[in-house]
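To start, the structure itself, in structure tokens.
Only the coordinates and a few stated rules stand behind these numbers; no lab work does. Keep in mind it's a predicted model, so treat the numbers as computed, not measured. Please note: Cβ atoms are built from the backbone with ideal geometry, for glycine as well, and neighbour counts cover all protein chains shown.
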Amino acid sequence: AQSVSQHNHHVILSEAASLELGCNYSYGGTVNLFWYVQYPGQHLQLLLKYFSGDPLVKGIKGFEAEFIKSKFSFNLRKPSVQWSDTAEYFCAVYGGSQGNLIFGKGTKLSVKP
Amino acid sequence: DTEVTQTPKHLVMGMTNKKSLKCEQHMGHRAMYWYKQKAKKPPELMFVYSYEKLSINESVPSRFSPECPNSSLLNLHLHALQPEDSALYLCASSHQVTGGDTEAFFGQGTRLTVV
């Protein structure tokens, strides 16, 4: 069975700081990888996804992520965060043949103005 | 239309009540999901339907009963719930469950409180 680890529980940054959130997964087969964001009181929204091809994927709102197969990692990055990026960020992995979309525990990002 | 619509948005029910949560999508997706999310926790997968057939049941208690009447609708029937079942219940859909575009679109959820 697959699993997802997010190493940072709570990250606090000042505006304009750079962001990197770690995500590692455990699964031996082909995976689809996602980062979702959940703003306070709102539903899950997709930031970006990786299915195949270029391992550096760009998403919405200036976010990007890099898939490193040898490290089983899919880290999320943003060069300069804004106060409006304050939210919970979830890494998710889709593996297997039946529909297992499994989420990591999430990282809470707080951006100070 | 790229929406997954869930009703009701909020639900308060007693432990002896029977209620249902509803989910609808018109994106032509053939996979639909139920997740449970407790406060400050990630979504936990409950059920997956693929082509209207149940493909995954993550050992969910029988007081939760899913139903997929057609490819656009997904219900979750609730009976004899416990207070610890109070949570945000999320519905999602994707084109398919394997081999291609598995991006899941989530609804806004139903906030369930069991009293």
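Counted over chain B, the DSSP beta bridges are approximately 90% antiparallel. By the count of other C-beta atoms within 10 Å, a proxy for reagent exposure, A:V4, B:V4, A:V57 are ordered fewest to most as A:V57, A:V4, B:V4.
Counting other Cβ atoms within 10 Å as a rough exposure proxy, the listed residues A:S52, B:S55, A:S3 run A:S52, A:S3, B:S55 from fewest neighbours to most. Other residues within the sphere of radius under 15 Å centred on the Cβ of A:N32, judged by their own Cβ, net out at -1 (K and R +1, D and E -1).
Quick one: net charge of A:E20's neighbours, Cβ under 9 Å, K/R +1, D/E -1? Counting the neighbours of A:E20, the net charge comes to +2.
In order along the stretch B:59-75, phi translates into HN-Hα couplings of 6, 7, x, 5, 5, 9, 10, x, 8, 10, x, 7, 5, 9, 10, 9, 10 Hz, rounded to whole numbers, per the Karplus curve 6.51 cos²θ - 1.76 cosθ + 1.60 with θ = phi - 60° and x for Gly and Pro. Secondary structure note: in the protein assembly as shown, about 90% of the DSSP beta bridges are antiparallel. Hey, how many Å between the Cα centroid of the stretch B:66-81 and the Cα centroid of the stretch A:18-96? Value for the Cα centre distance between the two parts: 30 Å.
Go ahead and set up a Gaussian network model of chain A, Cα springs under 10 Å, then flag whichever of A:P40, A:P79, A:P55 fluctuates most. Fluctuation is largest for A:P40.
Residue by residue along B:54-64, Cβ atoms of other protein chains within 10 Å of the local Cβ number 1 on average.
Note on B:M27, B:M46: ascending count of other Cβ atoms within 10 Å places them as B:M27, B:M46, the fewest first. Remark: relative contact order (chain A) = 38 percent; criterion is Cα-Cα distance under 8 angstrom and separation of 6 or more residues.
Largest GNM mean-square fluctuation across A:F74, A:F51, A:F90, computed for chain A with C-alpha springs under 10 Å, falls on A:F51.
At a threshold of 8 angstrom on Cα-Cα distance, excluding pairs fewer than six apart, so keeping six or more, what relative contact order does chain B reach in percent? The value is 37 percent.
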